[in-house]
Structure formats: structure tokens, C-alpha cells
Amino acid sequence: MLSEIGVTQVTIPLPFRLNHVNCFLAEGASGWTIIDAGLNTEVSRNSWQPLIAKHDIKDIILTHYHPDHFGYAGKLQQLTNAEVWMTEVDAHNGLTYWEPDSLEEVDRNYHMCGLPGHLSAKLTTDEESFNAQVKPYPQVNHYLEEGMKILFGKFEYEVIFTPGHSDGLITLYNKENNILFSTDHILPRISPNISYWFRGIRNPLQAFFMSLEKIKQLGVDYVIPSHGTPFRNANHRIEELLLHHQERLEEVYGYLIKPSTIYEVNSKLFKKLTIHETRFAIGETLAHLEFLYLNNQCKKELINGTWFYEAI
């Protein structure tokens with residue numbers, strides 16, 4: 001299907017359990033366009049080098065600011081002189097998140113979650129370790145806007161804002177052939193990580209639900225994700241994702257019979273995680289707790305610098 005629509009998938013290995021990211025290359029309106037870039041690693045360099053040597057890259061579209069999509073963009077831009085496009089909110093996040101002031105805030109947030117001191121330090125160090133994999137930063141030349149049309153391969157795609165996984169995540173939809181580049185919004189085998197860190201969209205899980213419903217209205221047939229393989233029938237997968245998170249919310253609520261810290265709830269939800277995975281797990285636990293709080297299903301209280309949640 002990808003070759004039929006004039007798109008080349010560039011699958012770049014990642015050093016995590018989620019061991020790859022799908023980036024894409026196709027002819028655009030004025031040259032060739034890349035969607036997403038991978039981490040700034042030798043693996044990404046080796047993946048892109050033969051492709052940029054053969055194609056005149058004019059544009060780089062970044063679907064969101066997470067390192068596996070954003071990290072190599074700056075270097076790619078230097079090598080190709082391409083213009084970079086992304087949403088304004090995620091451009092801001094990508095250019096500030098790994099800076100010292102931001103990482104200090106990350107560390108303060110870990111302590112508010114009730115993490116043991118040694119674990120908080122390990123998580124902050126893991127966060128800092130991405131510095132080299134996201135720099136040099138790209139110069140963002142254009143902000144993607146809702147409804148913008150982008151020629152990519154044989155067809156034109158509409159930019160659709162689908163916040164949740166990140167505050168400024170986009171997907172790309174071709175109505176003519178009912179095709180969606182779902183990026184990290186809808187994945188075939190895993191639920192996208194939906195995290196909250198006391199900043200950004202106040203209720204990212206609610207935003208994710210609303211974004212899923214937004215795509216559901218389109219009745220998408222063919223889905224091309226950023227992780228995993230293309231699949232059919234987006235609405236079936238959307239229903240699975242909605243059910244998963246409703247079940248997770250019920251599970252979290254059940255742990256709030258007594259006042260509990262974010263870390264205590266996280267420890268009941270997730271087992272045997274690496275440090276890298278623990279960061280995502282805690283952020284996702286917090287997103288579910290905040291959803292319950294903002295929907296008046298639990299209360300929370302800051303006690304000695306640590307948040308405690310309790311069912312109402």
C-alpha cells in the first residue's frame with residue numbers, strides 16, 4: 001500500500017523495548033518531504049544518509065516533539081537545508097524541555113509524586129541523557145495549523161490536531177482514499193503513552209479521548225502508524241483503546257480507597273520496568289489520577305510536598 005501511494009517507510013531502530021520508529025519519505029510540492037526523524041544517533045545517521053544523498057529534501061514535518069520523532073531533525077536540517085514544520089506548542093516543548101530549568105522542574109515533580117529519593121535521581125538522570133539525542137535543535141520555520149493541506153507522495157493530506165500523547169500531536173488524513181498517518185495517536189498493538197507532568201494540557205487523557213472521537217468520525221479505513229505495521233479499520237482499534245483506558249481508570253479508582261501517592265498507585269499498576277519505562281509509567285499513572293480528580297471522582301491533597309489522592 002505504501003508504494004501505491006508513493007511513500008517510502010524508513011524504519012529506524014530504537015534502543016528501547018519499543019524498538020523502532022517509522023519515519024516516512026515522499027515527494028512533496030517543491031521537492032522531497034520527510035515525516036519525523038528518529039533520535040540523533042549513529043543508527044539514524046546511517047538510515048538517512050543514503051536517502052538524503054539521492055533526494056532533494058525540501059521539508060521536514062515533525063508530528064510531535066518526543067525524541068524518537070524530533071531528535072535527529074536538527075542534524076537533518078543542517079545536512080539538507082530543509083525547512084522544518086511542526087505545531088507551535090510542540091515546537092516550544094521540543095526547544096525547551098531538555099534545558100536546565102525544565103529538567104529542574106522535572107526533578108521537583110518527581111519528588112511530588114512520592115518517589116524514593118534514589119529513584120527520583122535515576123529518573124532525572126535518564127531524562128537528562130536525551131540531551132545529546134535531541135541536539136542540535138532544528139530551526140522551526142513554519143507552524144502546522146489545523147486543516148492545512150500537505151502534498152505527500154501521490155495524494156494530499158489534511159493536518160488534524162490530535163492532542164493527548166503530546167500537547168501538539170498531529171495526524172495526516174487523506175479523505176479521497178480514507179488513509180490516516182496516525183503517528184503516535186493510534187497504534188496497532190499498544191496504547192500510546194498518555195502522560196501528565198503538572199504542565200501542559202491540564203487533562204491529557206480527556207484530550208486523548210476527544211482526539212480519538214474526532215478521528216472516529218472519519219471512519220478511517222487504512223491506518224499507517226509510527227510504531228508497528230499498517231492496519232485496517234481505525235474505529236475498531238479506537239474502541240479497543242477507549243475500553244483499555246476505561247478499565248485502567250476503574251483499576252486506579254479501586255486503589256484510592258485510602259490516600260495514596262502517585263508512586264504507590266504506579267507500583268500497583270506496573271511491574272518489572274526499566275528506569276526509562278518507569279518515567280512513562282509514572283506520567284501515565286498521574287494522567288489517570290488527574291482525569292479522576294478533574295471529573296470529581298477523587299480528591300487530592302499536598303502533604304509535606306507530596307500529592308495524595310483519595311476516592312470520593
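The values are calculated or read from the model by the stated rules, or taken from the named source; none is laboratory data. As the structure is a computational prediction, the values presented were derived from the model and not from experiment. Because the Cβ atoms are built from the backbone with ideal geometry, glycine has one as well, and the counts that use them run over all protein chains shown. These accessible areas exclude ligands, DNA and RNA; they are computed on the full protein's heavy atoms, side chains included. Shrake-Rupley method; radii C 1.70, N 1.55, O 1.52, S 1.80 Å.
Around the Cα centre of the chain, unit charges on the Cβ atoms of Lys, Arg, Asp and Glu (plus for the first two, minus for the last two) sum to a dipole of about 580 debye. Could you calculate the FRET efficiency of I257 with N304 from 1/(1 + (r/R0)^6), where r is the beta carbon distance between them and R0 is 30 Å, rounded to 0.05? Step by step, r from the Cβ atoms, then E = 0.90. Among residues other than A73 with Cβ under 13 Å from its Cβ, the summed charge is -2 (Lys and Arg +1, Asp and Glu -1). How much of the accessible area of the chain, in percent, comes from carbon and sulfur atoms when a 1.4 Å probe is used? Exposed carbon and sulfur together represent 51 percent of the surface. Using 0.36 nm per residue and subtracting the Cα-Cα separation, the extra length available between R202 and K175 on full extension is 6.6 nm.
Packing, as the average of other Cβ atoms within 10 Å across residues, places the peptides 138-146, 73-81, 298-306 in the order 73-81, 138-146, 298-306, highest first. About the centre of its Cα atoms, the stretch 196-263 shows a dipole size close to 280 debye [charges on the beta carbon of Lys, Arg (+1) and Asp, Glu (-1) only; nearest 20 debye].
Relative to the longest principal axis of the Cα atoms of the chain, helix 275-294 runs at roughly 70 degrees. Size descriptor for the stretch 256-310, Kirkwood hydrodynamic radius: 11.6 Å (Cα pairs only, one decimal). Each part gets one Cα centre, and for the stretch 237-272 versus the stretch 277-312 those centres are 10 Å apart. Cross-link reach is defined here as a Cα-Cα straight distance under 17 Å, omitting same-chain residues fewer than 8 places apart; for K258 the aspartates and glutamates meeting it are E250, E290, E301, E310. Ligands, DNA and RNA are left out, and with a 1.4 angstrom probe the accessible area of the stretch 215-312 is 49 Å² per residue. Could you tell me the relative contact order of the stretch 59-215? Use alpha-carbon pairs under 8 Å, at least six residues apart, and round to a whole percent. Relative CO of the stretch 59-215 lands at 22 percent. Relative to the current alpha-carbon distance between Q78 and E99, full extension at 0.36 nm per residue lengthens the span by 5.5 nm.
Dipole magnitude for the stretch 27-77: computed about the Cα centre from +1 point charges on Lys and Arg Cβ and -1 point charges on Asp and Glu Cβ, it is near 140 debye.
Projecting the Cα atoms of I186, L205, V223 onto the charge dipole of the stretch 182-247 (Cβ charges, centred on the Cα centre) puts L205 farthest toward the positive pole.
Could you please state, rounded to a whole Å, how far the C-alpha centre of the stretch 136-191 is from the C-alpha centre of the stretch 12-73? Going from one Cα centre to the other spans 15 Å. Excluding E277 itself, calculate the net charge of residues whose Cβ lies under 15 Å from the Cβ of E277, where each Lys or Arg counts +1 and each Asp or Glu counts -1. Computed value for this residue: +1. Looking at the stretch 158-312, the pairs of alpha carbons with a distance over 24 Å make up 36% of the total. Remark: relative contact order (the chain) = 15 percent; criterion is Cα-Cα distance under 8 angstrom and separation of 6 or more residues. Given R0 = 35 Å, the distance between the Cβ atoms of A53 and E239 translates into a calculated FRET efficiency of 0.20.
Here the spin labels are modelled as points 7 Å beyond Cα on the Cα-Cβ line, and at L269 and H111 they lie 2.4 nm apart. Pairs from the table (K58/K154; K216/K299; K135/K175; K54/K75) lying more than 25 angstrom apart at Cα are K216/K299; K135/K175. Modelled label positions at S129 and E145, each set 7 Å beyond Cα in the direction of Cβ, lie 4.1 nm from each other. Accessible surface for the stretch 79-193, divided over its residues, is 43 Å² per residue with a 1.4 Å probe. Normalising the average separation of contacting C-alpha pairs (under 8 angstrom, six or more residues apart) by the number of residues puts the relative contact order of the stretch 169-300 at 28 percent. Picking from H69, S3, W32, whose Cα lies most toward the positive end of the charge dipole for the stretch 1-131 (charges on Cβ: Lys, Arg +1; Asp, Glu -1)? Going by the charge dipole, the pick is S3.
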